[in-house]
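The values are calculated or read from the model by the stated rules, or taken from the named source; none is laboratory data. The structure presented is a predicted model; accordingly, all values stated were derived computationally and were not measured. So basically every Cβ, Gly included, is an ideal-geometry build from the backbone, and we count neighbours across all protein chains shown.
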C-alpha cells in the first residue's frame, strides 16, 4: 500500500510517502512547534502533495496517512491527550476529521517514540525479538516497550512512553510535564542550554557562543577537551544509562534500542550505556543487548503501515 507518513518532532517535521516498509520519497520541514500544530497542517498537506507529484501518484492512490506525535495519544479516537511544550493547541484539534476533509484518507495516530519502536520491532534493530524497549534521545526523551509481542499502551495510552519523565534527580530541575527532576529535564536538547548555564565552566567555554546549543557541539567540544562540554557529556551519558537500567528493571526486555537525533554520537553513547547496563542492571538470566536504531529517522515513518492496519482493520483487508 502507499501511505502518507509524518513524524512530528519538537524541531523538525519528517514527512514521507511509504510503501511496503520502504520510504519512497521524503522531505523535512521546520516544526515551529511553539506556534502550535494548526498553522503546520497546511504545510504538512502541501509537502505530501509535492512528494506524491514527484512519484506520479495522487491522494487517491494512498490507503491512508499516519502521524507520529510527541505526546500522549488516544489511539481509539485519534485525540491528543496532553502537551509537553510542543504543539500546545493539538488537544483541541480533530486530526482525523482534518485528514478526511483535506486528504480524503483515514489517519492513524500514535505517540512518536512508540511508533519508532514499532518500526524497529517489525523491520529494524528489534526484529526477531518480542521483548524490546526503546529510548529516543532528542528534543525530549521518549521511551516505549513491546512485551511478549504486544505493544504496551495501558488503559490511558501512557504506559511505557513516560520514561523520560521518571524522576532521576530528587529535588531537581522543573520539567515541562510538571514533575521535578525528570530524566528529560536533566539530559535532553530542550533543557541542554539551561543545564549548561548552571556549570561554572560555561563562562569560559566555546559552547557559550553556540546558539542554539545542541549535543553535536557538546560531543565535538568534549572530544577536544573543553571542560564544560566534558561535564555536560558525562552528565548526560549517566542520565541516559541510568534511564536504560530503569527501563530494564521495569519491562524485562531482551533488547534496548537507542534512537533519536542525538545518536549521531552513537560511537560515544553506545559504549557508555552498555558499560553501565552491564554493571548495574539486575538481569540474572543474562545480558540485555544495547543497540542503536537500525532505521534512524525512518523508524516511525515505515511503522505507519502497521499502525494504519491496526487502527483501521478494513484497510488491511482491502
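Taken residue by residue, segment 87-96 has at least one member that is farther than 22 Å from residue 310 by Cβ, without any contact (Cβ under 8 Å) to a residue 40 or more places away in the chain, assigned by TED's automatic domain parsing to the domain that holds residue 18 and outside any strand (DSSP E or B). Please tell me if residue 185 is free of Cβ contacts under 8 Å to residues at least 24 places away in the same chain, within 18 Å of residue 235 (Cα to Cα), touching a strand residue (DSSP E or B) at 6+ places or on another chain (Cβ under 9 Å) and surrounded by 19 or more Cβ atoms within 10 Å (Cβ to Cβ). In short, yes. Please find, among 169, 100, the residue that is surrounded by fewer than 16 Cβ atoms within 10 Å (Cβ to Cβ), part of a loop (DSSP other than H, G, I, E, B) and more than 19 Å from the chain's Cα centre (by Cα). Being surrounded by fewer than 16 Cβ atoms within 10 Å (Cβ to Cβ), part of a loop (DSSP other than H, G, I, E, B) and more than 19 Å from the chain's Cα centre (by Cα) holds for just one of 169, 100, which is 169. For segment 26-55, filtered to residues that are surrounded by fewer than 21 Cβ atoms within 10 Å (Cβ to Cβ), part of a loop (DSSP other than H, G, I, E, B) and in contact (Cβ under 8 Å) with a residue 24 or more places away in the chain, the residue that is farthest from the chain's Cα centre (by Cα) is 55. Tell me, please, whether a residue that is outside any strand (DSSP E or B), over 24 Å from residue 262 (Cα atoms), in contact with a strand residue (DSSP E or B) (Cβ under 8 Å, 6 or more places away or on another chain) and in contact (Cβ under 8 Å) with a residue 60 or more places away in the chain can be found in segment 1-17. Checked segment 1-17: at least one residue is outside any strand (DSSP E or B), over 24 Å from residue 262 (Cα atoms), in contact with a strand residue (DSSP E or B) (Cβ under 8 Å, 6 or more places away or on another chain) and in contact (Cβ under 8 Å) with a residue 60 or more places away in the chain.
Of 162, 93, 123, 115, all but one fail to be within 19 Å of the chain's Cα centre (by Cα) and over 20 Å from residue 301 (Cβ atoms); the exception is 162. Among the residues here, residue 266 qualifies as under 20 Å from residue 218 (Cβ atoms) and not in a strand (DSSP E or B).
Restricting 222, 229, 314 to those that are modelled with pLDDT under 95 and part of a helix (DSSP H, G or I) reduces the list to 314. The set of residues in segment 56-77 that are touching a residue at least 24 places away in the same chain (Cβ under 8 Å) and surrounded by fewer than 14 Cβ atoms within 10 Å (Cβ to Cβ) comprises 60, 61, 74.
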